[in-house]
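Input: a single structure, listed below in structure tokens.
None of the figures in this text is laboratory data; all of them are computed from the coordinates on show. Bear in mind the structure is a predicted one, so any value in this text is a computation, not a measurement. Because the Cβ atoms are built from the backbone with ideal geometry, glycine has one as well, and the counts that use them run over all protein chains shown.
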Amino acid sequence: MAAGAPREDTTRQQLRESDRLSNAQRAAGKQAADQAARAAAETMRLEQERVEAAARLQLAERATADVAARIDTLAQRRREAEQRVQARAAAMRPLLPLIERLSLYPAETLLAVPASPDSALRGLLVLQGLSRQMEVETEALRRDQAEMDAAAEALRQETPHLVSAEAAQKNEADALDREIAGAHAAQAGAEARENQAASQAAMAAARSDTLRAALTALEVQRRADEAKAREDAARADLQKNAAGAQAARARQAVAAHPAGAGTIAAAAEPHGQLQPPVIGVVVKGWGEQTDGGPATGVSYHAPPGAHVISPCGGRVVFAESFRSYGLLLIVDCGGGYHVVLSGLDRLDVKLGQSLVAGEPVGTMAVWEPGSDAHRPSLYVELRHDGTPVNPAPWLRSSG
């Protein structure tokens with residue numbers, strides 16, 4: 001009986017230690033789950049802050065766009081008036097010596113050329129008609145000059161408005177850039193596992209010759225990643241590796257639904273569920289003729305340095321230069337739909353990054369309102385299973 005007591009004490013001690021370890025593991029698991037939930041909530045909060053900051057910035061950009069449009073119109077009026085003034089002056093220039101001589105020495109000028117009375121009379125009549133025409137031309141010249149001066153004065157008065165609008169836009173842009181920099185700093189040390197798979201797909205896409213081939217490469221790699229994750233999960237289950245199976249299923253979920261929640265469903269119909277990616281006006285619509293044939297997307301003119309937002313919630317599957325497109329961004333919106341954006345001057349998102357609709361993704365180049373220099377444009381395509389579809393019905397009104 002005495003020999004059994006130490007064994008019972010040892011067993012009880014082992015049970016207590018097992019319970020302690022079990023409780024510690026449960027507590028650690030709960031703490032990890034709580035931390036993950038807090039991190040997810042913080043991520044959502046920061047995403048929403050960036051969306052709200054981008055919305056405030058777009059209000060400022062709309063004011064800049066309105067002033068820039070007025071300046072463009074006034075500058076065009078001034079250029080047209082200058083051209084009319086120059087054309088009228090060129091037409092009148094050869095006659096000016098004769099007009100000056102007639103005004104100073106009318107009789108001498110007429111008598112200088114011997115002619116019959118009938119010819120002299122006809123000459124006087126012609127000169128009278130010419131004089132009246134010159135009066136009309138001179139008056140038109142005055143009007144054109146006055147319009148040119150008025151346009152120049154209106155341009156001068158609009159300049160402070162543009163400076164003010166651009167200053168407000170810069171303040172909002174700086175605030176947004178600080179939000180973006182903070183988000184990048186938070187992500188710096190924690191690259192998601194799925195980003196590795198995204199990198200493989202992006203490399204395959206970058207080697208493609210056409211945009212359609214690039215999207216096909218992304219889809220092929222996505223399916224391969226999903227199949228491998230499924231195999232890894234099955235292998236981990238056989239090996240009783242619960243943590244490995246859970247991680248593999250998480251990768252499988254990301255590969256199967258790379259855009260996450262709140263995006264386009266496979267059977268969706270267009271009803272304005274995409275946000276316009278930039279403040280501006282459509283300058284080339286779907287199907288309009290281009291050098292390469294009918295347009296398969298739409299092109300926007302935006303205010304100088306405008307920020308671009310993601311039209312949908314999704315995941316960045318390509319974010320770098322691509323062929324003649326320049327900086328190219330492809331967002332997987334779910335359901336086999338991809339939004340393609342090109343013409344950006346700067347990208348503010350990374351490969352594999354999850355986005356919510358309205359989150360800023362980059363900026364357009366700066367240009368000078370009123371000049372006739374080339375203006376940058378943002379090209380937008382919507383593709384379903386690699387095939388372009390008209391984005392207009394999907395994009396909600398920006399008014």
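For Ala256, the requirement of being surrounded by fewer than 16 Cβ atoms within 10 Å (Cβ to Cβ) and in contact with a Gly (Cβ under 9 Å, 6 or more places away or on another chain) is not met. A residue that is in contact (Cβ under 8 Å) with a residue 40 or more places away in the chain, closer than 23 Å to Asp66 by Cα and surrounded by 15 or more Cβ atoms within 10 Å (Cβ to Cβ) cannot be found anywhere in the stretch 323-339. The residue of the stretch 287-312 that is surrounded by the fewest Cβ atoms within 10 Å (Cβ to Cβ), among those that are polar (S, T, N, Q) and not in a loop (DSSP other than H, G, I, E, B), is Gln289.
Residues that are part of a strand (DSSP E or B) and touching a His at 6+ places or on another chain (Cβ under 9 Å) within the stretch 319-360 comprise Ile330, Val331, Asp332, Gly334, Tyr337, His338, Pro360, listed in sequence order.
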